[in-house]
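Worksheet: the structure to be examined is printed underneath.
Read-outs throughout are calculated quantities, based only on the coordinates presented, and are distinct from any laboratory measurement. Since we're looking at a predicted model, the values are computed, not measured. Glycine also receives a Cβ, built like all others from the backbone with ideal geometry; neighbour counts cover every protein chain displayed.
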Amino acid sequence: MKPNSIRLRSKIKGMIVFFIISLALSGITAFPLVELDILVRNFGAGTTTSHIFPALSEWLELVNRGLVETSVKYPFLAYGTDWLAFAHIVLAILFIGPLHDPVKNKWVIEFGMIACVLVIPLALICGPLRGIPVFWQIIDTSFGIIGIVPLLLVWKWIVRIENGEE
């Protein structure tokens, strides 16, 4: 194997590891939703942030109140976000394939890029239907926009290896 190919494969592995960790952490953060009160204490009413971003503070307080009230009466609804977290972790595991053999498993990278693109219409269609503020829809769409960057780089590097450029 050429030295450039070894370096390129190392870059691919590093970027995939970064993506796996990011995806898994994103999922893990969905488990403790009721603990959103930590954010409210730091960004809610009466904090410095609430004066700078009042809409964010109001939104966090509303979401926190909804989660707390719902979890008291209907704790089983949190099971839905448990499955969301689980799906993120399972999807992160999927990327182990390209970690071992990026060329053979290029389809996983393409699958990830498609998923990143689909985040955008999901947030922009379902967000308004669910009463999600525009600034939060932008945050949600950013996951797809930011997530596609490392995958696009990895895909381009895999194509270079396939074409014998490295």
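Quick rundown of the values:
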read-out: Crossing angle, helix 134-162 versus the chain [Cα axis fit, 0-90 degrees, rounded to tens]; value: 10 degrees
read-out: Sites Ala45 and Glu69, calculated FRET efficiency, Cβ-Cβ separation with R0 25 Å, nearest 0.05; value: 0.90
read-out: Relative contact order, percent, the chain [alpha-carbon distance under 8 Å, six or more residues apart]; value: 30 percent
read-out: Separation in nanometres of the label points that stand 7 Å from Cα toward Cβ, at Asn4 and Phe31; value: 4.5 nm
read-out: Sites Ala87 and Asp140, calculated FRET efficiency, Cβ-Cβ separation with R0 25 Å, nearest 0.05; value: 0.95
read-out: Using alpha-carbon coordinates, inclination of helix 54-73 to the longest axis of the chain, degrees; value: 80 degrees
